[in-house]
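Participant: I have a structure I would like to understand better, so I am pasting it below and will then ask my questions one at a time.
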Amino acid sequence: MSTQPQYWVVVAARDHALSGIAQGIVQANHGKAAPLRRMQPGDRVVLYAPKLTYGRSEPCQLFVGLGTVADEEVFQAHVAADFQPFRRKVLYQAVQEAPIQPLLEDLSFIQNKTHWGYSFRVGCFGIPANDFERIRQALLA
């Protein structure tokens, strides 16, 4: 385990992100274990919702969650016979949802400011501490 926390963005539809927050969990990349195994206790997570509802196209484009990875365990949940996703426990803070548009120019992980949505095509990825801090400030405003 590293001594300094790492910072992660997890991309999920708003309805799924809010469900995870209510359950105190994070699930990434349609329930794959690999992204979650890279996280360590104490790592920080922000949830970004490009869409309002999973499987639909209505845009959301909000950061909706902020939390800290709670423990070492990646566990598998039984949701349905054909869907048993991997999850991590996360301690979430109360936040105000924050639109991404006012932050675009400040976020270094978004290299192409014109086609910024491309940065979120991977469902779980690390970001620099200064980008996390900027998003955190917006969520706690």
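Participant: Within the stretch 34-50, can one find any residue that is β-branched (Val, Ile, Thr) and either within 15 Å of the chain's Cα centre (by Cα) or within 17 Å of VAL9 (Cα to Cα) (or both)?
Facilitator: yes
Participant: Test of understanding: among PRO50, PRO41, which residue is under 29 Å from GLN4 (Cβ atoms) and in a loop (DSSP other than H, G, I, E, B)?
Facilitator: Within the list PRO50, PRO41, the selection yields PRO41.
Participant: A further question on this structure: Under the condition of being in a strand (DSSP E or B) and not aliphatic (A, V, I, L, M), which residue from the stretch 90-118 is farthest from the chain's Cα centre (by Cα)?
Facilitator: Within the stretch 90-118, the match that is farthest from the chain's Cα centre (by Cα) is PRO99.
Participant: Just give me the residues in the stretch 96-112 being free of Cβ contacts under 8 Å to residues at least 12 places away in the same chain, loosely packed, with under 13 Cβ neighbours inside 10 Å and within 19 Å of CYS124 (Cβ to Cβ), in sequence order.
Facilitator: GLN111
Participant: Scan the stretch 126-141 for residues that are in a strand (DSSP E or B) and under 14 Å from ALA49 (Cα atoms) and report the count.
Facilitator: 0
Participant: Here's another thing I want to ask about it. Considering each of GLN61, GLN40, GLN137, GLN93 in turn, give the residue that is on the phi > 0 side of the Ramachandran plot, surrounded by 12 or more Cβ atoms within 10 Å (Cβ to Cβ) and of a type in the set (S, T, N, Q).
Facilitator: On the way: GLN40 fails: on the phi > 0 side of the Ramachandran plot; GLN137 fails: on the phi > 0 side of the Ramachandran plot; GLN93 fails: on the phi > 0 side of the Ramachandran plot.
Selected residue: GLN61, the only one of GLN61, GLN40, GLN137, GLN93 that is on the phi > 0 side of the Ramachandran plot, surrounded by 12 or more Cβ atoms within 10 Å (Cβ to Cβ) and of a type in the set (S, T, N, Q).
Participant: Consider PHE132 carefully, then state whether it is within 17 Å of the chain's Cα centre (by Cα), under 17 Å from TYR7 (Cα atoms), modelled with pLDDT of 95 or more and of a type in the set (Phe, Trp, Tyr).
Facilitator: yes
Participant: Among LEU62, LEU18, which is the only one that is in contact with a helix residue (DSSP H, G or I) (Cβ under 9 Å, 6 or more places away or on another chain) and either closer than 19 Å to PRO102 by Cα or at pLDDT 95 or above (or both)?
Facilitator: Within the list LEU62, LEU18, the selection yields LEU62.
Participant: A further question follows. Picking from ARG87, ARG121, which residue would you name as being among the basic types (Lys, Arg), within 18 Å of ASP15 (Cβ to Cβ) and more than 12 Å from the chain's Cα centre (by Cα)?
Facilitator: ARG87
Residue by residue, here is whether (1) at pLDDT 95 or above; (2) β-branched (Val, Ile, Thr); (3) loosely packed, with under 13 Cβ neighbours inside 10 Å holds:
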| residue | (1), (2), (3) |
| --- | --- |
| ALA22 | yes, no, yes |
| LEU36 | no, no, no |
| LYS51 | yes, no, no |
| LYS89 | yes, no, no |
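Participant: Counting just the residues of the stretch 6-37 that are outside any helix (DSSP H, G or I) and touching a Cys at 6+ places or on another chain (Cβ under 6 Å), which one comes out farthest from PRO59 (Cα to Cα)?
Facilitator: Filtering the stretch 6-37 for residues that are outside any helix (DSSP H, G or I) and touching a Cys at 6+ places or on another chain (Cβ under 6 Å), the one farthest from PRO59 (Cα to Cα) comes out as ALA28.
The values are calculated or read from the model by the stated rules, or taken from the named source; none is laboratory data. Not measured: the values here are computed from a predicted model. So basically every Cβ, Gly included, is an ideal-geometry build from the backbone, and we count neighbours across all protein chains shown.
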